[in-house]
Structures are given as C-alpha cells and as structure tokens.
Amino acid sequence: MEKKNEEELDPNFKFEVSAKAGGENIKLCFACGTCAAACPVAAVDKDFNPRRIIRQVLFGQRKNILSSAAIWSCQQCYACYATCPQNVKFRDVIRALRIMAVEEGYVKQELADEVLKLDNFAAETRNALAKVLWGDKGKYEAAKERIKAELKT
C-alpha cells in the first residue's frame with residue numbers, strides 16, 4: 001500500500017462508517033481475507049478487493065475510498081457476508097460507503113440509482129441464463145457467446 005500524507009488521512013472515518021447503518025461491524029475486521037477469497041467480483045477484477053477497501057476505511061483514507069469506483073463494483077451477493085468469521089457484513093459496509101459517497105458529493109444520486117438498477121439487472125440476467133442452461137444447453141451457449149461478443153465491442 002502506498003504511503004499517505006498525514007493530512008490525507010481522517011482518523012475519524014472508521015468511526016463515521018461504523019455509525020452508519022450497515023457499517024457497525026467494520027472495526028471487527030482483522031484482515032483475514034476470507035471476504036476477498038469468496039468474492040466473485042475479486043475473482044474477475046484484480047482492482048476490486050474487499051479486504052483492501054476495509055483497510056482503507058480503517059486507515060482513514062476517506063477521499064480515496066469514497067471517490068473510488070471500487071465501492072460501486074460490489075455485486076451485493078452475500079459471498080463475503082456468509083464467510084466472514086468476524087461478522088463484518090462487508091456487503092452492508094459497501095452500502096454505507098455508497099450512501100456516504102453520495103452525501104459527501106463524490107458521486108451524484110443518479111449514479112447510485114443506476115448501479116442499483118444494474119445490480120437488479122445482473123441478478124435477473126443470471127437467473128434467466130441459469131434457467132436456459134437447465135433447459136437447453138445449446139441455447140445457453142449461444143446466448144453466452146453473444147454476450148461475450150457484445151462485451152468486446
């Protein structure tokens with residue numbers, strides 16, 4: 001982790017996050033990494049790491065984390081939530097950080113609304129593809145290839 005100037009750190013940030021709904025348990029984290037190991041986003045995006053996000057909060061890197069795209073990459077899937085031995089509830093911490101980012105003007109409410117729509121769309125799409133896979137593997141493979149091709153453009 002890169003060294004930060006003292007003035008860039010906010011020693012009260014972790015207390016503010018823990019005072020928000022969903023952030024109550026963030027100070028319980030002892031950086032074991034089970035959240036990162038379980039995270040499907042971290043598996044495909046090397047820039048997303050739940051453990052790193054928590055450490056940034058605990059170290060007081062308010063501006064760095066609230067202005068980061070990382071807090072908007074979480075899919076809110078509960079994988080971290082289910083595996084955390086300290087019951088940090090990272091999914092809820094992310095929600096608290098998103099609210100703070102909007103409240104403090106790092107992002108507009110419209111972005112938060114679109115991310116919520118995207119989360120819902122992703123869940124619906126996954127569910128639909130799982131049903132197609134169950135019923136018609138050939139149709140599933142064709143849909144998967146169309147999606148992959150579209151993402152490359």
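Derivation of every value follows stated rules applied to the coordinates shown; laboratory data play no part. For clarity, every value in this text was computed on a predicted model and none was experimentally measured. For neighbour counting, all protein chains shown are included, and Cβ atoms are generated from backbone atoms with ideal geometry for every residue, glycine included.
Key figures
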read-out: Qualifying positions in the range 89-108 - over 13 Å from the mean Cα position of the chain (by Cα) and not in a helix (DSSP H, G or I); value: E104, G105, Y106, V107, K108
read-out: Residue match in the range 109-125 (condition: more than 18 Å from the chain's Cα centre (by Cα) and surrounded by 11 or more Cβ atoms within 10 Å (Cβ to Cβ)); value: yes
read-out: Residues satisfying the stated conditions in the range 11-36, i.e. in contact with a Leu (Cβ under 8 Å, 6 or more places away or on another chain) and of a type outside the set (D, E, K, R); value: V17, G23, I26, C29
read-out: Residue check, L111 closer than 15 Å to S68 by Cα and either in a helix (DSSP H, G or I) or among the basic types (K, R) (or both); value: yes
read-out: Residues of the range 72-108 classified as crowded, with 16+ Cβ neighbours inside 10 Å and under 18 Å from E8 (Cβ atoms), total; value: 4
read-out: Of the criteria (1) crowded, with 16+ Cβ neighbours inside 10 Å; (2) over 12 Å from the mean Cα position of the chain (by Cα), which one A42 fails; value: (2)
